[in-house]
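Input: a single structure, listed below in structure tokens.
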Amino acid sequence: MQFGLHLPASSSAVESDDLIRFTRQAETLGFYCVTVADHVIVPKNISVPYPYTVDGKYPGTGYHLETLTTMSFLAGATQRIRLATSVMIAPYRNPIITAKMLASFDVLSQGRVIVGLGVGWMKEEFDNLKAPRFEERGRVTDEYIHAIGAAWEADVARFDGQTVAFRDVMVAPRPTRQPRPPIWVGGNSRAAVRRAARHADGWIPWQLAPDDFAAAVAFARRERSSDTPIELVAPLAVAADAAPASVVEEAGRWRHAGASAFQVGLGARSFAELLERIAWFARDVVPQV
């Protein structure tokens, strides 16, 4: 089983040296990847309920380090660990520019990028960024996934879609890994699961129960036409006071539900404690899962 850790890059209390320490410790202890969230702006007034809390309130403060800048910074401070966007909101960025940035990152990091993409949920963020219409974000994301792939997979690229089109262009360098780095789709909806199964290499949901995960995995396998296995990344939340036995038991439920990897969110009361919890998880939990 592969384990990734979610980077605490959405807190102004965590400084650049802390992020390096976090990522280097994860690398040293054998974690597969570090995941980095994405928001460009956070409007003061948000009309759409946040999908991952009971009351629908967005829990963030508005502080978010830019995703690819943060990943590039950490790639320069590490050697092996992969860095994943979890998830980059696809409609916010021109797909050719996105393909160029991600390919450059993959080359400079020697093949360590994982591309997590999602449709987004914050309507006012779409509006202020002049992104494609919020109501069309699913269709746009589907096309952007294929447009990014087209930009990577040929020396001279072309793509003809309803929302994006280009022809006879060279988007170089191409990624280190061919035909492309892995693309994981985020989101818990049925549409997100279908998108992952049909257009991507993995599914990385957030904050759902193992039973719901199992039902989605079954649906994804029915929707998938490719013979290539799909990576199924379970969101394993670990409370600050969790004991190893309870975490191992919970991980077992996720594995039984079909998980092939984990994105781990470690609870901690301070950054120093967070570093201790990373070591604790690697020592007391991972060998038993």
**Q.** Residue among PRO59, PRO49 that alone is in a loop (DSSP other than H, G, I, E, B), touching an Asp or Glu at 6+ places or on another chain (Cβ under 9 Å), at pLDDT below 95 and over 30 Å from ALA151 (Cα atoms)
**A.** PRO49
Q.
Every residue in segment 214-233 that is exposed (fewer than 13 other Cβ atoms within 10 Å of the Cβ), in contact (Cβ under 8 Å) with a residue 12 or more places away in the chain and either among the hydroxyl-bearing types (Ser, Thr, Tyr) or touching a Leu at 6+ places or on another chain (Cβ under 6 Å) (or both), please.
A. SER225, THR228
Q) For segment 127-147, what are the residues that are surrounded by fewer than 19 Cβ atoms within 10 Å (Cβ to Cβ) and more than 23 Å from PRO181 (Cα to Cα)? A) ASP127, ASN128, LEU129, LYS130, ARG133, PHE134, GLU135, GLU136
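From the list ARG222, ARG174, ARG194, pick out the single residue that is among the charged types (D, E, K, R) and closer than 20 Å to SER86 by Cβ.
ARG194
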**Q.** Selected residue (criterion: nearest to TYR144 (Cα to Cα)) from residues of segment 81-120 that are in contact with a strand residue (DSSP E or B) (Cβ under 9 Å, 6 or more places away or on another chain) and among the basic types (Lys, Arg)
**A.** ARG112
(Q) So, in segment 85-119, exactly how many residues are closer than 21 Å to GLU143 by Cβ and acidic (Asp, Glu)? (A) 0
Q) Can you name the condition, by its number, that ALA77 falls short on among (1) hydrophobic (A, V, I, L, M, F, W, C); (2) outside any helix (DSSP H, G or I); (3) crowded, with 18+ Cβ neighbours inside 10 Å; (4) in contact with a helix residue (DSSP H, G or I) (Cβ under 6 Å, 6 or more places away or on another chain)? A) (3)
Q) Restricting attention to segment 236-277, which residues are among the β-branched types (Val, Ile, Thr) and under 27 Å from GLY187 (Cβ atoms)? A) VAL238, VAL247, VAL264
Q: Those residues that are outside any helix (DSSP H, G or I) and surrounded by 16 or more Cβ atoms within 10 Å (Cβ to Cβ), I need them from segment 263-281; list them, please.
A: GLN263, VAL264, GLY265, LEU266, ALA268
Q | Qualifying residue in segment 15-27 (condition: surrounded by 14 or more Cβ atoms within 10 Å (Cβ to Cβ) and part of a loop (DSSP other than H, G, I, E, B)) | A | no
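Would you check if PRO179 is at pLDDT below 95, over 17 Å from the mean Cα position of the chain (by Cα) and of a type outside the set (A, V, I, L, M, F, W, C)?
yes
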Q. Of all the residues that make up segment 117-126, how many are surrounded by fewer than 21 Cβ atoms within 10 Å (Cβ to Cβ) and aromatic (Phe, Trp, Tyr)?
A. 1
**Q.** Single residue of ILE96, ILE114, ILE89 found to be touching a Pro at 6+ places or on another chain (Cβ under 8 Å), in contact (Cβ under 8 Å) with a residue 24 or more places away in the chain and crowded, with 18+ Cβ neighbours inside 10 Å
**A.** ILE114
**Q.** Near pairs, Cβ below 9 angstrom, 6+ apart or cross-chain, from segment 50-64 (more than 11 Å from SER12 (Cβ to Cβ) and free of Cβ contacts under 8 Å to residues at least 60 places away in the same chain) to any residue that is surrounded by 10 or more Cβ atoms within 10 Å (Cβ to Cβ) and β-branched (Val, Ile, Thr)
**A.** GLY56/VAL48; LYS57/ILE46; PRO59/THR53; GLY60/VAL42
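The values are calculated or read from the model by the stated rules, or taken from the named source; none is laboratory data. For clarity, every value in this text was computed on a predicted model and none was experimentally measured. Neighbour counts are summed over all protein chains in view; Cβ atoms, including those assigned to glycine, are modelled from backbone coordinates with ideal geometry.
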